[in-house]
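The values are calculated or read from the model by the stated rules, or taken from the named source; none is laboratory data. Everything numeric here is computed off the predicted structure, so don't read it as measured data. When we count neighbours, we look across all protein chains shown, and the Cβ atoms used for this are built from the backbone with ideal geometry, even at glycine.
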Amino acid sequence: MPGRTESRRPLLRYAINVALWHGAVGMQAVLFSWLVVGVLEAPAALVGLVQMAYAGPALLLLLVGGTVADRVDRRRLLIAAQATVALVVAALAAAVAGGALSLPLLVAYAIAMGSLTAFVIPARDAILSDVAPGDLMRGATALTLAQYGAQALGALAAASAQFVGIGTALGIQAALVAAATLPAWGLPRSRPVEPGTRTRIDLAEVAAGLREVFRSPVLRAPILLMSGVGLFLAGAYATLMPIVVRDHFRGDVAQLALFMTTLQTGVVVGAVLLLLSGGVRRRGAVLAFALGISALPLLLIGSGVDFEVTLAAAAVWGLSVAAFQSAGRAIVQEAAPAASRGRVLSVLTLVMMGGGVLGQPVSGVLAGWLGPLETLFLYGAALLVFVVVVATATRVTRLD
């Protein structure tokens, strides 16, 4: 029994690190969006561009981050990147508390956060295989549970900004990120799998993850399908919904936090159901079906329902996220070669964020032109068409 308990400790530390980090991410999703749309009152087109300032640097650096994660001790990389993020958030908190908030400052903050996240995500995702080597579907589902459960609590905590102020709430976010580095010290060290690995990184090596994905149908099909998350869902979540809360519902930061908390709670419930079921077969079919289901809340909210129905749609949205995130992660984790796992996983994140770099500013422009509700409806219809086309053109639904 002691040996079994000891073997579970790295996974527990990993889950705590993920939970603390994503608690801060949940706060960030609400606070950053509200600083843009509620405090600075930016127009719709500008909201998408500011959100792109986060996704753009992450997109450019993700393959580098994945390569670094394969070349150095992932634990140390994770700790260093998260500690730096804590300092960046603390600096923004001080600026907001001191009355120095401006749009250029938020853009600089978004660029710094996106750049650092490009190193956090591949390192953290690659560590999953070290702490949960036996059943990657259950490990990926547990990761989804910890991630979105913490994000739900973080989004709920962000509602406290209405009472304590956004500067103080950002201080809490910085403290959560700093706390995430503590359990990371107990994670296993990692060394490069390839013998004789050099410390210098060249462009050919950075592109190795892309080559690995393109020549493997088992990797190519699900990653192509997951690109729809960035193209359609990222813009709907990060750009359109804050505008809908502000302009359509005439809401405040607490109402935005409630929407995001409901969505992320749906993810938690979905992840728990997946764990209790003991996993799923035909993970490719689950991935395609769940991603298609996530289009329905966009269509419903876009039709102009009231806020209570919008919250119900958010819960369904969350349930679908749990299914397609868990299935997609498990397929890619299992199919990725050990020597290039960090790079392959960075490609998965790359395509989702890459779609977001395009989808977020476009959604802002369309919201200013058509209206946020009409744009949500359009995105829902486009996502449905995208899923049907990709599922028909590839063998993704046959993947187990």
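Brief remarks on what is shown
- Selection within the stretch 355-381: residues that are among the small types (Gly, Ala, Ser) and either at pLDDT 95 or above or farther than 25 Å from Phe214 by Cβ (or both). The member of this set that is surrounded by the most Cβ atoms within 10 Å (Cβ to Cβ) is Ser363.
- Filter result (small (Gly, Ala, Ser), within 29 Å of Val388 (Cβ to Cβ) and in contact with a helix residue (DSSP H, G or I) (Cβ under 6 Å, 6 or more places away or on another chain)) within the stretch 227-284: Ser227, Gly228, Gly230, Ala234, Gly235, Ala236, Ala238, Gly266, Gly270, Ala271, Gly279, Gly284
- Any hit, the stretch 144-158, residues being at pLDDT below 75, crowded, with 21+ Cβ neighbours inside 10 Å and either over 22 Å from Ala81 (Cβ atoms) or among the charged types (D, E, K, R) (or both): yes
- Residues that are at pLDDT 80 or above and crowded, with 23+ Cβ neighbours inside 10 Å do not occur anywhere in the stretch 342-351.
- Ile243 part of a helix (DSSP H, G or I) and at pLDDT 85 or above: yes
- Residue that is over 24 Å from Ile166 (Cα atoms), under 22 Å from the mean Cα position of the chain (by Cα) and either modelled with pLDDT under 90 or not aromatic (Phe, Trp, Tyr) (or both), where the choices are Gly302, Gly230, Gly235, Gly278: Gly230
- Selected residue (criterion: farthest from Ile127 (Cα to Cα)) from residues of the stretch 36-75 that are assigned to a helix (DSSP H, G or I) and free of Cβ contacts under 8 Å to residues at least 60 places away in the same chain: Leu60
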